[in-house]
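Student: The structure under discussion is supplied below as structure tokens; questions concerning it will follow.
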Amino acid sequence: MNLADLGIFGELEELVQDEGLRQLVRRCTTASQGAGKKMRAGFESSEDAKHAVSEAALNGILHRGDDISDIRTNTNISNCLVFHTKNLQGTVIDQEVVDLRNEIDEIVKERAKDLFDVPLDAIGVSGHFWYPPGGYMGWHTNLRKPGWRLYINVAEEKDRSFFRYRDPVTGEIVTCDDDLWNCRVFQIRQDLPFWHCVYSETNRHSFGYRIDKPLES
């Protein structure tokens, strides 16, 4: 499969239909919720969450010219729980979760290598997030690290969470409701910022990857 065939954004079925991977992900999400239980107790569902992922909020960001790359550069854009991210205050570190994530990564990297015809060392690990009910990640671009992004998402309930993005060519706002399992791929380009956000009213977990392959013009 050529990444260019997906365009700016695409959904994949190949990875989320892998039952072995599903079982590992289920174990990891269970371990993640156990490890994050203490942090979860202090989790606050923001009344502003829905506004933070609205088109109006993005219009305000664009009007001001704000540069919002990711949760590292702008820690206030989200209330989700973040796992094993170095030098980020509040990140959850748990060895069982790390070990399970490593197993997941091995499978995903091998599959992505074959799917997209890239060398294994071109695939890196990105974010690992748990969105409890009321969790969100506000509008951002990931421009700090251009390239391709792949996210495997698993939701406890169907159609109660979503991924939303602004088409960088047309300006259209597109909302992609989550199924129980989703795998999404999108481009991060300096010349066409891909603004996107996440909102959840259920337990939602995401596992991210970067694919270092030349971007399509």
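Student: For a bin width of 5 Å, list the pair-distance distribution of segment 83-207 built from all Cα-Cα distances, rounded to whole %.
Tutor: Distribution as computed: 2, 10, 18, 21, 21, 19, 7, 1, 0 percent.
Student: Calculate one ³J(HN,Hα) per residue across segment 108-117 by plugging θ = phi - 60° into the Karplus curve 6.51 cos²θ - 1.76 cosθ + 1.60, and present them in order as whole Hz with x for glycine and proline.
Tutor: Once θ is set to phi - 60°, the couplings for segment 108-117 become 5, 4, 5, 5, 5, 4, 6, 5, 10, 6 Hz.
Student: Computed from these coordinates, which is Rg and Dmax of the Cα atoms in Å: [x] 29.6, 93; [y] 16.3, 46; [z] 19.7, 59?
Tutor: Matching the structure shown: [y].
Student: Taking θ as phi - 60°, what are the ³J(HN,Hα) couplings along segment 153-166 by the Karplus curve (6.51, -1.76, 1.60), each to the nearest whole Hz, with x for Gly and Pro?
Tutor: 10, 10, 10, 5, 9, 6, 6, 10, 8, 7, 10, 10, 9, 9
Student: Specify whether the C-alpha gyration tensor of segment 59-145 places it in the rounded, prolate or oblate class, a ≥ b ≥ c being the square roots of the eigenvalues: rounded for a/c under 1.5, otherwise prolate if a/b is larger than b/c and oblate if not. Mind showing how you got there, number by number?
Tutor: On the way: a/c = 2.41, a/b = 1.40, b/c = 1.72.
In terms of gyration-tensor shape, oblate.
Student: For segment 200-210, take each phi angle, set θ = phi - 60°, evaluate the Karplus expression 6.51 cos²θ - 1.76 cosθ + 1.60, and give the result in whole Hz per residue in order, putting x for glycine and proline.
Tutor: With the stated coefficients, segment 200-210 comes to 9, 10, 8, 6, 10, 10, 9, 10, x, 9, 9 Hz.
Student: List, in the order given, every pair from LYS37/LYS145; LYS109/LYS158; LYS86/LYS158; LYS86/LYS145 whose Cα-Cα distance in the structure shown is over 21 Å. Don't skip to the end; give the middle numbers.
Tutor: Numbers: LYS37/LYS145 31 Å; LYS109/LYS158 26 Å; LYS86/LYS158 32 Å; LYS86/LYS145 16 Å.
Exceeds cut-off: LYS37/LYS145; LYS109/LYS158; LYS86/LYS158.
Student: Please identify every one of the trypsin sites (Lys or Arg not before Pro) in segment 106-146 that sits in a loop by DSSP and has no more than 16 other beta carbons within 10 Å of its own beta carbon. Walk me through the numbers before you get to the answer.
Tutor: Working: sites: LYS109, ARG111, LYS113, ARG144; in loops: ARG144.
Those that pass, being in a loop and sparsely packed, are ARG144.
Student: Take the alpha carbon atoms of segment 135-204, find their center, do the same for segment 50-75, and report the distance between the two centers in whole angstrom.
Tutor: 14 Å
Student: Identify which of PRO133, PRO119, PRO146 has the largest mean-square fluctuation in a Gaussian network model of the chain, with springs joining Cα atoms closer than 10 Å.
Tutor: Per the Cα network of the chain with a 10 Å cutoff, PRO119 tops the list.
Student: On to the next question. Return one whole number: the accessible area per residue of the chain in Å², for a 1.4 Å probe.
Tutor: Values: 10490 Å² over 217 residues.
Result: 48 Å² of accessible area for each residue.
The values are calculated or read from the model by the stated rules, or taken from the named source; none is laboratory data. Everything numeric here is computed off the predicted structure, so don't read it as measured data. All Cβ positions, even for glycine, are placed from backbone atoms using ideal geometry, and neighbour counts span all protein chains on display. These accessible areas exclude ligands, DNA and RNA; they are computed on the full protein's heavy atoms, side chains included. Shrake-Rupley method; radii C 1.70, N 1.55, O 1.52, S 1.80 Å.
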